[in-house]
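Accompanying notes for the structure given below.
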């Protein structure tokens, strides 16, 4: 008998509270582990004798390009996965499997194009993102090897979304943990044991991603999965693939625009506050990134529940899932906000012991995260639009906050305020407030339609 549901969970019938707990905890764990993955990588590189500082800077320059590469995996994987969940809710697993097959082919094609592009244009791209004559050799060494392993990054991130979408939360978590643990073990072996430095770090990362990709592929080709990779579904069909790509624009834009955002913040702060202000921004963006990870985990846990029940037209369960997801998001960011406003040193001390930098960072953090307590609503609503398969609104919201509001404010506010540095940092909370109001309004209007059974996909 053909399986129609994950053995781990019953998305259509189990209590919503239990489902969210079971699915969100592994997702949050995956997010945190993945962040530690990158931290440990940089820690090892930073301790390379004599050249550690320059090497670390060189790797940092590669980060925006790596984010763009990851964004393409989100375009294919996180665009296809919610739609697959919706069709599973409709008991149409055949279409869901076609979405999986088409997305896999798209991931492979994208990885080939990205690999060639990065290898050909890596030097000008690295200089664009801040490489210098002192760091370019390290950045190029790392990026060349990383580019060759792009296919493993694409498959790991893209296919893991389909594992989560079926309710296999533990398997999805293991995809990340296998890569992270492997990287932690292999890094010192290649960097110090084989004396390969930055190239060793890149090789360790590629091999780790390869192991994660093999794990994901093996599961999705095996007997325990609900949706299986089949040869007949690998041929890309516009009617299957284009709606997935349209829905994937939102997570793609959210990831890809981070690189642009870093450039805008750093250029403006360098102009008004010098290297110290840029250093503070590095700390603030790191804190913001870590702070948002559990939110992403919560909404990743909620996505299969909402998408499946949307497909099954179980409106009351959708309402329960969204309400619980939003409460969890708000409660979490409220804790982050309290710490940031009343004890910012708790966060800042993790990243620096320099008194001058710490003082500036603590002052800036209170401003930068002033409206983060609202972001629980923003993320919950925005990700629920994606869970519904609403490509137009989710894509609009993805670019609205960063491109249409935040980036212009980074340059407008310093021009009209006396304290230029404060003005740059103030752009973030103002953009947050505007984005939350816009998102909540659009969500309220569309959620009422969805509860009446009107098709929003």
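FYI, it's all coordinate maths here, none of it is from the lab. What you see is a predicted model, and the numbers here were worked out from it, not measured in a lab. Every residue, glycine as well, gets a Cβ built from its backbone with ideal geometry; the counts of neighbours run over all protein chains shown.
Relative contact order, percent, of the chain when contacts are C-alpha pairs under 8 Å separated by at least 6 residues?
Averaging sequence separation for qualifying contacts and normalising by length gives 22 percent for the chain.
Any idea what log10 I(q)/I(0) is at q = 0.08, 0.10 Å⁻¹ for the chain, Debye with uniform C-alpha scatterers and no solvent?
-0.46, -0.73
What does the C-alpha gyration tensor say about the overall shape of segment 194-329? Classify as rounded when a/c is under 1.5, otherwise prolate if a/b is larger than b/c, or oblate. Walk me through the numbers on the way to the answer.
Working: a/c = 2.11, a/b = 1.34, b/c = 1.57.
It is oblate, given that a/c is not under 1.5 and a/b is not larger than b/c.
Using only C-alpha atoms and all pairs of different ones, pull out the Kirkwood radius for segment 52-155 in Å with one decimal.
Evaluated over segment 52-155, this radius sits at 15.0 Å.
Can you tell me how much longer the chain between residue 128 and residue 218 gets when fully stretched, taken as 0.36 nm per residue apart minus their C-alpha distance, in nm with one decimal?
Full-extension gain reported as 28.5 nm.
Would you order 405, 399, 153 from fewest to most other beta-carbon atoms within 10 Å of each residue's own beta-carbon?
Fewest to most other Cβ atoms nearby, the residues stand as 399, 405, 153.
Using 0.36 nm per residue, how much length does the chain from residue 91 to residue 448 gain when fully extended, once their Cα-Cα distance is taken away?
Contour length minus Cα-Cα distance gives 126.0 nm.
Computed over the Cα atoms of segment 329-452, what is the ratio Rg over Rh, Rh following Kirkwood?
Over the Cα atoms of segment 329-452, Rg/Rh equals 1.05.
Between residue 441 and residue 331, what's the calculated FRET efficiency when r is the beta-carbon distance and R0 is 35 Å? Round to 0.05. Display every interim value, and only then the final one.
Numbers: r = 23 Å, r/R0 = 0.65.
For residue 441 and residue 331, the calculated efficiency is 0.95.
Among 425, 400, 219, what is the fewest-to-most ranking by other Cβ atoms within 10 Å?
400, 219, 425
Going by a ≥ b ≥ c, the root eigenvalues of the Cα gyration tensor, does segment 250-457 fall in the rounded group (a/c under 1.5), the prolate group (a/b larger than b/c) or the oblate group?
Details: a/c = 2.65, a/b = 1.88, b/c = 1.41.
It comes out prolate by the Cα gyration axes.
Measuring from label point to label point, each 7 Å out along Cα→Cβ, what is the residue 119 to residue 411 span in nm?
That separation, rounded to one decimal, is 3.6 nm.
Starting with the fewest neighbours, write out 50, 359, 316 ranked by other beta-carbon atoms found within 10 Å of each beta-carbon.
On the way: 50 7, 359 14, 316 10.
Fewest to most other Cβ atoms nearby, the residues stand as 50, 316, 359.
Rounded to the nearest 500 deg cm²/dmol, what is the calculated helix-only ellipticity per residue at 222 nm for the chain, with -39500 (n - 2.57) per DSSP H run of length n ≥ 4? Don't skip to the answer; put the middle values down first.
Working: 15 runs with 363 residues, N = 457.
It lands at -28000 deg cm²/dmol.
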